[in-house]
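Asks: Quick one: structure below, then a few questions.
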Amino acid sequence: SLSEDKVWTTVYHDLQMQTSVGGNSLEKLPVLQLNYSATMDQISAITSSAEYCEQFISYSCKMSRLLNTPEGNPYTWWVGKANEKHYYWGGSGPGIQKCACGIERNCTDPKYYCNCDADYKQWRKDTGMLSYKEHLPVSQVVVGDVDRPGSEAKISVGPVRCQGDRNYWNAASFVTSSSYLHFSTFQGETSADISFYFKTSASDGVFLENLGNTDFIKLELKSATEVSFSFDVGNGPVEIVVRSPNQLNDDQWHRVNAERNVKQASLQVDQLPLEVRKAPTEGHTRLELYSQLYVGAAGGQRGFLGCIRSLRMNGVTLDLEERAKVTPGVKPGCSGHCTSYGMYCANGGKCVEKYNGYSCDCSKTAYDGPFCIKDVGAFFEEGMWLRYNFHSPGTSMKDLVSRTLLSSADPEITAPDLSLNKEELSFSFSTTKSPCVLLYISSYTQDFMAVLVKPSGNLQIRYSLGGTKEPYNIDVDHRNMANGQPHTVNITRNGRDIVLQLDHYPPTSYSLPTASDIQFNSPKALFLGKVIEIGKIDQDIYKYNTPGFTGCLSRVQFNQIAPLKAALRPTNASSHVHIQGELVESNCGASPLTIPPMSAATDPWHLDSASADFPYNGQAIGDGVNRNSAIIGGVIAVVIFTILCTLVFLIRYMFRHKGTYHTNEAKGAESAESADAAIMNNDPNFTETIDESKKEWLI
């Protein structure tokens, strides 16, 4: 699953921690026996199906050697699964007669591979995790070197802890409606517990069936919205059906859980209500089966088409994958977690099939996080700038990596001289200072492209690709973009055609003049915040360049290059980045794609003289609040304060005469460690406030 929180299964035993051994002359070796809360078979089922298991073991010693390293026979050993003896200790592994300190080379005495083997008169200890799960659990510890005067030892063994289910994705794909896998007869005479996940686009088919003379047990998809569990234990056939309000053949995973015991039978699908059928008070109770268990098509019936995974019958997971490898018509594993979940990888993130699910590869995007939806952005102080060189230092212009990244998704545009006839640019920003240069792309020729905020606060996109005297400008005059709000900009050019989309407004199309060249020749570097480039520079850009951009830029992407992300996340592209000043990561420019920004005329909260100079909780805040509203607000506050004071005075006056005394102490105060803790215990909103600030707003 995608969540990071792992579930641990823990099995305890009855041996006390720090069990003392020795201190008196013994005739035979002390043996410590561990009795577990589960049978060895049950523990074995847990360890074999887990991805990882561990068991803590510790030997505290005073003049009591443990493994007798480096050369001798071990004094102490432990017995694991199948009564095998093991001569390694916690923190080490099979076949390595060493303790943890011997592997990490930090034993008290470097001549030995265990702290205890130095045979000191002071207490020492060797501890660590046994994690070779095929040997677990520890069933006995046999202690050797405690028969000399002054020899003492203490043993601690932790519970067995296992994590992860290796069988969670043990799956098979049934390719034809006559495909099936067969397993040995299901032993479920008095109780049957069957669970699995399925995924299909077919509307019906048998999941599994096992027959007896007249008895049988069967699970099937009866229709696109019905799952059926039927059986006969000798009292006539019984069928339980769960009907789903939604289609079950939607190519998504659905869970089925069927149980039957002598009292009742039940069926559950996903989170739908459990369907229960009580067993008759009299009659047969034993389910007697003889045939093999068929998963898929059985006895000429139409079999299930699609994927089944994690099939557990009475706690044992059937290895569908292994059986499918040798069965025609059934494929091991389940292709296409991405076909079901690929759409969760957003913003151009690529879905990557993994054995146990999928992950999103965000490397070619300007986003981050498990689903590529977290903006990567930064706050720029005045005078700060970032340059991304399209070819890395010390390589020729024909640097392949940059060529493929610079060319847009189409591979045919990797022209050797790196000319672009199409580009895609997208980013979001927020600022209160104008004019400024948001983004500039320079070249080894006179060509350039720039996104500017003019002195009026309006946005301008400027293209100069040659062939015309003046650069081609797209002016968005009817909107002030330097209003401290986050704004998104998407620019796509294909040859002569340019499409610009701002915020949530409909895209607008523009066309380069016919005289203009349509090749962006030899792009050199991308600048954010300020242009520091040698050679002749456009006059307006030169003017806008000082003092530089102040504010936030976020999720900047030019074709497949994400310069801000390369600067803030170490990737193989980081060598292309040069930064002047200190780049502080912030999502203050992240555009919350919710409500279109209002115009200044209709926006009741519009600030006329907004000038923000500092990032505050990730959001640039304007400080020049309109003077009139400040005065009105002040008057209202004074009036409210006066009323409150009068009320408090009146209430106190009334209560003094009644002789009562009320304390408003927080309810959790007695148990709390401090006044702050008491408030937190008591006020449900307190915890919510904290959580609220931690949340990342997903777009």
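Asks: Within segment 167-332, how many Lys pairs sit with Cα atoms under 29 Å apart, leaving out pairs fewer than 8 places apart on the same chain?
Replies: 13
Asks: Return the carbon/sulfur percentage of the accessible area of segment 167-332, one whole number, probe 1.4 Å, all protein chains in place.
Replies: Taking all protein chains in place, segment 167-332 shows 47 percent carbon and sulfur surface.
Asks: Let's test this: bin the Cα-Cα distances of segment 167-332 at 10 Å from zero up to the farthest pair and state each bin's percent.
Replies: Pair shares across the bins are 11, 42, 37, 10, 0.
Asks: Listed highest first by mean packing, meaning other Cβ atoms within 10 Å per residue, what order do 498-511, 97-110, 54-67 come in?
Replies: Answer by packing, highest mean first, reads 54-67, 97-110, 498-511.
Asks: Follow-up question, since we're still on this one. Give, in nm to one decimal, the length gained when the segment between Val476 and Glu51 is fully stretched (0.36 nm per residue of separation minus the Cα-Cα distance).
Replies: Net length gain for the segment: 147.3 nm.
Asks: Can you give the relative contact order of segment 167-332 as a percent, counting alpha carbon pairs under 8 Å and 6+ residues apart?
Replies: That works out to 41 percent.
Asks: While we're looking at this one, here's another question. How large is the accessible surface of Trp385 in square angstrom, using a 1.4 angstrom probe and rounding to the nearest 10?
Replies: Here the accessible area works out near 20 Å².
Asks: Further question on the same structure: Taking the highest mean first, how do the peptides 578-586, 364-372 order by number of other beta carbon atoms within 10 angstrom per residue?
Replies: 364-372, 578-586
Asks: Please give the residues of segment 434-467, grouped as numeric ranges, whose backbone N is less than 16 Å from a label point set 7 Å along the Cα-to-Cβ vector of Arg496.
Replies: 465-467
Asks: Quick check on segment 106-227: take the gyration tensor over C-alpha atoms, sort the square-rooted eigenvalues as a ≥ b ≥ c, and tell me if it's rounded (a/c under 1.5), prolate or oblate.
Replies: Note, shape of segment 106-227 comes out prolate.
Asks: Each residue of segment 157-166 in turn: what ³J(HN,Hα) in whole Hz from Karplus with 6.51, -1.76, 1.60 and θ = phi - 60°, glycine and Pro shown as x?
Replies: 3J(HN,Hα) across segment 157-166, in whole Hz: 10, x, x, 7, 10, 10, 9, x, 10, 4.
Asks: Before anything else, pin down the relative contact order of segment 8-164: Cα pairs under 8 Å, at least 6 apart, normalised by residue count, whole percent.
Replies: This gives 42 percent for segment 8-164.
Asks: Number of Lys-Lys pairs in segment 8-164 under 14 Å by Cα, sequence gap 8 or more or different chains?
Replies: The result is 7.
Asks: Take the Cα of Met17, step 7 Å along the line toward its Cβ, and report every residue of segment 128-148 whose backbone nitrogen sits under 16 Å from that point.
Replies: 128-129
Asks: May I pose another question? What is the distance in Å between the Cα centres of segment 251-266 and segment 271-294?
Replies: For segment 251-266 versus segment 271-294, the Cα centre distance is 10 Å.
Asks: Compute the separation of the alpha-carbon centres of segment 47-111 and segment 448-526 and state it in Å as a whole number.
Replies: Using only Cα atoms to place each centre, the spacing works out to 68 Å.
Asks: Normalized C-alpha radius of gyration of segment 8-164, against 2.2 N^0.38 Å?
Replies: For segment 8-164, the normalised Cα radius of gyration is 1.01.
Asks: Then there is this: Over the heavy atoms of Glu275, what accessible area does a 1.4 Å probe trace out, to the nearest 10 Å²?
Replies: Glu275 exposes around 80 Å² with every protein chain in place.
Asks: Determine, for each peptide in 549-558, 111-120, 214-223, 236-245, the mean count of other beta carbons within 10 angstrom over its residues, then list the peptides with the highest first.
Replies: 549-558, 111-120, 214-223, 236-245
The values are calculated or read from the model by the stated rules, or taken from the named source; none is laboratory data. This one's a predicted model, so the numbers in the text were calculated from it and none came from an experiment. Here Cβ is always computed from backbone atoms with ideal geometry, including for glycine, and neighbour counts include all displayed protein chains. What goes into the accessible areas is simple: the full protein's heavy atoms, side chains included, and nothing from ligands, DNA or RNA. Shrake-Rupley method; radii C 1.70, N 1.55, O 1.52, S 1.80 Å.
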